[in-house]
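Below is one structure, written out as structure tokens; comments come after it.
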Amino acid sequence: MNKKLKRYAAMPIIGPLVNIAIKVMINREGTRIAKHFSEFLLPQVAYRKDTVSAVYRIRHQVYCEELEFEAPRDDAKESDEFDKYSRYCLMQHRSSKDYAGTVRVVAPQEEDELLPIEKYCAHAFEGADLKPSDFARKDICEISRLAVPAQFRRRNTDRFKGAATGAINETSYSAEELRCFPFLAIGLYLAAGSLAIHSEHKHAFVMMEPRLARSMAFIGVKFRQLGPAIEYHGKRAPYYINAEMLHRSLPDGFKKLYAVIDKHIEKDGREARLSVKLDSDDVDARQVRLFK
């Protein structure tokens, strides 16, 4: 939505009419994207050794090499202490088989297992009326480490610091693919939400830039801000969402997109649990515990 449209939407007289028009536009956009999304992009749960390695390689490319938030690793794979109890989603570009993005769901299993937001950003919750420690460990999760590789974006470092989820490399893909790619970040958040819901995590937290939260709210993914923005790889604030909030706020068009993504995530989750049950050798060792 451009700045002029935002300004009109805030006006007292024409604002309500503009907002109705915006909702119609969002529904149409969501319906169109849902139609083409699965044609070009395949949401996956990464639980096998090869796909988990792909997650770590994408994160190294974005967080270590491009953004330099983390020190480079000798094996070119970025992981941390929270990956011991994290599940992952990948978005695969169907025609090239390249991975177009990843996100993780940190899911504590024991009382001494913290969320990253608790370890590094606890001060952001000062005075908040809702925080992770209010709930049982098994009921909470954090959505983090969202990363989109550079080939799915224009190379313009200043625009992507802190997010790596900006404009698209327009020279390599078809017109319909380009219409889907700006929704990669949204698709990854919806995939993470689906994975969290199927894993029975009732409360999700995330540290994100307020402007990204505003963009997500515009298409109907409305996070609740819990505290002020603090300096953490740029200005970021703590946010909260649960399943009821997600389903209530999504416009019908984007509910169709969620349904497309959810179908794949639910199927992969079943396959992961079956693979663990059958003691399959290709399951990543850390994922065995999470999909029992």
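The values are calculated or read from the model by the stated rules, or taken from the named source; none is laboratory data. Note that this is a predicted model, so its numbers are computed, not measured. Quick reminder, even Gly has a Cβ in these numbers, built from the backbone with ideal geometry, and neighbours come from all protein chains shown.
Take the residues in the range 32-47 that are of a type outside the set (A, V, I, L, M, F, W, C) and surrounded by fewer than 20 Cβ atoms within 10 Å (Cβ to Cβ), then tell me which one is nearest to CYS141 (Cα to Cα).
If we filter the range 32-47 for residues that are of a type outside the set (A, V, I, L, M, F, W, C), which is where we start, we get 32, 35-36, 38-39, 43-44, 47.
From what's left, surrounded by fewer than 20 Cβ atoms within 10 Å (Cβ to Cβ): 32, 35-36, 38-39.
Values: ARG32: 31, LYS35: 30, HIS36: 30, SER38: 27, GLU39: 30 Å.
The extreme case among them is SER38.
On the phi > 0 side of the Ramachandran plot, of a type outside the set (Asp, Glu) and without any contact (Cβ under 8 Å) to a residue 12 or more places away in the chain - does that describe any residue in the range 127-138?
Within the range 127-138, the first condition is being on the phi > 0 side of the Ramachandran plot, and the residues that meet it are 127.
Among the residues that remain, those that are also of a type outside the set (Asp, Glu) are: 127.
With without any contact (Cβ under 8 Å) to a residue 12 or more places away in the chain added as a condition, the list becomes none.
Within the range 127-138, none of the residues are on the phi > 0 side of the Ramachandran plot, of a type outside the set (Asp, Glu) and without any contact (Cβ under 8 Å) to a residue 12 or more places away in the chain.
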Out of the residues in the range 230-254 that are small (Gly, Ala, Ser) and over 15 Å from TYR120 (Cα atoms), state the one that is surrounded by the most Cβ atoms within 10 Å (Cβ to Cβ). GLY253
Can you tell me which residue within the range 59-76, out of those that are under 30 Å from ARG137 (Cβ atoms) and in contact with a strand residue (DSSP E or B) (Cβ under 8 Å, 6 or more places away or on another chain), is surrounded by the fewest Cβ atoms within 10 Å (Cβ to Cβ)? TYR63
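Taking GLN151 as the residue in question, decide whether it is part of a helix (DSSP H, G or I), out of contact with any strand residue (DSSP E or B) (no Cβ under 6 Å at 6 or more places or on another chain) and farther than 21 Å from ALA229 by Cβ. Spell out how you get there, then give the answer.
Numbers: part of a helix (DSSP H, G or I): yes; out of contact with any strand residue (DSSP E or B) (no Cβ under 6 Å at 6 or more places or on another chain): yes; farther than 21 Å from ALA229 by Cβ: yes.
Criteria met by GLN151.
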Which one is nearest to the chain's Cα centre (by Cα) among residues in the range 228-256 that are in a helix (DSSP H, G or I) and under 21 Å from LEU41 (Cβ atoms)? LEU246
Considering residues that are closer than 22 Å to PHE183 by Cα and either of a type in the set (D, E, K, R) or outside any helix (DSSP H, G or I) (or both), the number found within the range 196-224 is 14
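Mind checking which helices (runs of 4 or more DSSP H) fall wholly inside the range 1-76 and carry at least 2 residues that are of a type in the set (A, V, I, L, M, F, W, C) and modelled with pLDDT of 95 or more?
Values: elements: 3-9, 15-40, 49-59.
Helices (runs of 4 or more DSSP H) meeting the threshold: 49-59.
Residues are listed down the side, and each one gets a yes or a no for (1) within 15 Å of the chain's Cα centre (by Cα); (2) closer than 18 Å to CYS121 by Cα; (3) basic (Lys, Arg):
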| site | (1), (2), (3) |
| --- | --- |
| GLU200 | no, no, no |
| MET207 | yes, yes, no |
| ALA213 | yes, yes, no |
| LEU226 | no, yes, no |
Can you tell me which of (1) surrounded by fewer than 19 Cβ atoms within 10 Å (Cβ to Cβ); (2) outside any helix (DSSP H, G or I); (3) touching a residue at least 40 places away in the same chain (Cβ under 8 Å); (4) at negative phi is the one ALA259 doesn't meet? (2)
Scanning the range 77-90 for residues that are touching a strand residue (DSSP E or B) at 6+ places or on another chain (Cβ under 8 Å) and assigned to a helix (DSSP H, G or I), the one nearest to PRO116 (Cα to Cα) turns out to be PHE82
Can you spot a residue in the range 214-227 that is among the aliphatic types (A, V, I, L, M), at pLDDT 90 or above, crowded, with 19+ Cβ neighbours inside 10 Å and touching a Leu at 6+ places or on another chain (Cβ under 9 Å)? yes
Condition (residue is at pLDDT 95 or above and surrounded by fewer than 19 Cβ atoms within 10 Å (Cβ to Cβ)) applied to the range 156-177: is it met by at least one residue? no
Considering the range 95-110, residues that are touching a helix residue (DSSP H, G or I) at 6+ places or on another chain (Cβ under 6 Å) and not small (Gly, Ala, Ser), and then whichever is surrounded by the fewest Cβ atoms within 10 Å (Cβ to Cβ), we arrive at GLN109
